[in-house]
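Trainee: Dropping a structure here in structure tokens format, bear with me for questions.
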Amino acid sequence: MMKSFDTYADLLEWIEQKGYTPRVLGQAPDGAPIVSIKIGGEKGPAIFISAGSHATEQAGVSAATALIEQLETEHPVYILPCRDPIGLNGFSYALSLSIANLPPLNTIDDVNTVLKKHGEILYEKDDTLLVIIGEYGYANKGLYGQFEKGQPFLKSLIGRRIFFPSRQEGIEGTAFCQRAYTLIVSPDAEVLHINRFHDTAWAPVESRCTRTLMAEVQPRLILDLHEHGGDSFWFSARHQQNDEDEMWERLTCLPKHL
């Protein structure tokens with residue numbers, strides 16, 4: 001049975017207990033180390049495996065740790081088991097970065113009450129609430145693709161993170177507030193997921209760590225482990241970032257569920 005983790009600290013403790021020596025690639029905004037584990041041999045080329053880019057996708061993180069223990073190969077394998085430490089810790093934890101003595105969050109009404117009490121409301125319409133508290137933005141639901149680029153109320157969040165809670169039931173890691181999704185507002189005021197910035201000059205540290213390690217080891221096989229739709233899975237085929245290959249991706253390779 002694969003191992004699951006309630007918090008990022010649990011994952012780091014597992015790595016230590018198993019006797020692996022993690023390489024610290026950088027630090028998340030809360031100071032948590034972003035780590036990779038190297039296994040396998042030295043026969044080139046290298047293999048790169050990452051997981052946890054979407055914090056609710058527990059199966060990917062569990063699979064990554066299982067591969068650390070079980071994968072046998074002559075090739076060097078670099079595994080980054082969780083690309084979003086704050087998200088893995090959950091929405092209450094993300095809120096605690098800005099609010100001390102946080103009350104229990106059991107319902108969406110609890111979340112709305114806390115956000116309105118402590119935050120400056122930037123947007124509130126229908127059932128969508130977005131506030132800013134200190135350095136971070138917080139929302140009560142997903143905002144990806146909800147706003148047109150350049151909305152005035154997003155200007156104060158440019159370059160900042162927006163956290164919102166997991167709300168789906170019935171899948172491990174997705175219980176209410178158990179995980180947090182991490183969004184970032186781009187320089188042109190567009191709300192995007194943290195993983196949309198791998199090749200930008202101002203990419204967040206989590207994305208920079210991933211790309212820097214890949215550039216260093218030059219892998220010929222890259223696997224990014226996700227979870228979606230019960231027992232289904234998908235691979236993302238990537239070319240270099242240029243106009244021609246971008247069009248190729250859009251026409252042939254984008255997963256249908258995104």
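Trainee: GNM, the chain, Cα, under 10 Å: largest mean-square fluctuation among L157, L192, L102?
Mentor: L102
Trainee: Let me ask you something else. Return the label of the correct value of Cα extents along the principal axes in Å, as calculated from the structure shown, out of (i) 51, 50, 36; (ii) 56, 46, 33; (iii) 53, 50, 32.
Mentor: It is the one labelled (ii).
Trainee: How far is helix 205-217 tilted, in degrees, relative to the longest principal axis of the Cα atoms in the chain, given as a value from 0 to 90 rounded to the nearest 10?
Mentor: Once rounded, one gets 10 degrees.
Trainee: Something else about it: If the reach is capped at under 18 angstrom between alpha carbons, list the aspartates and glutamates near K149, excluding any in the same chain fewer than eight residues apart.
Mentor: Cα-Cα hits under 18 Å: E124, D188, E190.
Trainee: For a quick check: with amide H placed at 1.01 Å from N, whose amide H comes under 5 Å from R161's, ignoring anything fewer than 5 positions away on the same chain?
Mentor: It is G137, by chain and number.
Trainee: What angle, in degrees between 0 and 90 and rounded to the nearest 10, separates the Cα long axis of helix 243-252 from the longest principal axis of the Cα atoms of the chain?
Mentor: The two axes meet at around 90 degrees.
Trainee: By average Cβ neighbour count within 10 Å, what is the ranking of 159-167, 62-70, 82-90 from highest down? Let's see the in-between values first.
Mentor: Working: 159-167: 20.7, 62-70: 17.9, 82-90: 25.9.
For the peptides 159-167, 62-70, 82-90, the packing ranking is 82-90, 159-167, 62-70.
Trainee: With θ set to phi - 60° and the Karplus curve 6.51 cos²θ - 1.76 cosθ + 1.60, what are the ³J(HN,Hα) couplings of segment 146-155 in order, to the nearest whole Hz, using x for Gly and Pro?
Mentor: 8, 10, 6, 4, x, 4, x, 6, 8, 4
Trainee: In whole Hz, what ³J(HN,Hα) sequence does segment 198-203 give by Karplus (6.51, -1.76, 1.60; θ = phi - 60°), x for Gly and Pro?
Mentor: Whole-Hz 3J(HN,Hα) from phi for segment 198-203: 5, 10, 9, 5, 10, 4.
Trainee: Need the full-extension length gain, I171 to K117, defined as separation in residues times 0.36 nm minus the C-alpha distance. One decimal, nm.
Mentor: Working: separation 54, 0.36 × 54 = 19.44 nm, distance 3.07 nm.
The span from I171 to K117 would gain 16.4 nm if fully extended.
Trainee: Compare Y136, Y181, Y123 in a GNM of the chain, Cα atoms joined below 10 Å, and give the one with the largest fluctuation.
Mentor: Y123
Taken together, the values in this text are just the output of simple stated rules run on the coordinates, not laboratory data. Just so we're clear, the structure is a prediction, and the values are computed from it rather than from any experiment. When we count neighbours, we look across all protein chains shown, and the Cβ atoms used for this are built from the backbone with ideal geometry, even at glycine.
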